[in-house]
Structures are given as structure tokens and as C-alpha cells.
């Protein structure tokens, strides 16, 4: 049965991906971080981020016409925050980090 919730889909994806334990952890953190923007909320920052429980995201929300705008806004906000805290190029680095696995090549199915 196909998952209907984002976190379940992430776990299934990671369970099938050919990744080492450290890479799997990084992908899980990055993909989980997208749950907040998917529902139009900001990712918790600072001390609030550690142990924060992500919102429940129905996979059907990915088909919502407004999802692209919400995700684009999240990437823009994260890049702007990085520019405030970093030097030249910090915005580009933040965009790459924000996109993380979403922009990475498909790690392929487990063998």
C-alpha cells in the first residue's frame, strides 16, 4: 500500500535508497525539514528545533497548486536569513543546503 503521509513516504524512500547510515541521517533531517514549509509554517529555529515534531503532511498536499509558492517562499526566507548571518555567497550556500536531497541525484533503489 502506498503511503498517504509525507513522513511515512520519507521513511519508505530512505528504506529503499542505497545510502550509508550517515547519508541516510542527513537526508532524513533535510527531508523532514520540508514538512513545515509544505503546510505553510516556518521551520523551528535554535533550541526549538531540537526535538521538534514535524507537522503531519498528507501527500495529497504536494498536488496543491499553492505548494510551489510555499516551498519557494521557504527557500527565499532561508537564503535571506543565511545572508544576514554570513558573508558573500551565503545565500547561494543556504539555497543549496535548503534544497538538499531535493536537488541531489536520485540515490536509486536498494539492491
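The values are calculated or read from the model by the stated rules, or taken from the named source; none is laboratory data. Please read all numbers here as calculations on a predicted model, not as lab measurements. Every residue, glycine as well, gets a Cβ built from its backbone with ideal geometry; the counts of neighbours run over all protein chains shown.
Scanning segment 11-31 for residues that are more than 19 Å from residue 74 (Cα to Cα), surrounded by 16 or more Cβ atoms within 10 Å (Cβ to Cβ) and without any contact (Cβ under 8 Å) to a residue 40 or more places away in the chain turns up 13, 14. Considering only segment 38-59, state which residues are surrounded by 10 or more Cβ atoms within 10 Å (Cβ to Cβ), assigned to a helix (DSSP H, G or I) and more than 13 Å from the chain's Cα centre (by Cα). Within segment 38-59, just 59 meets the criteria.
Residues in segment 65-101 that are farther than 26 Å from residue 22 by Cβ, modelled with pLDDT under 65 and surrounded by 14 or more Cβ atoms within 10 Å (Cβ to Cβ): 1 in all.
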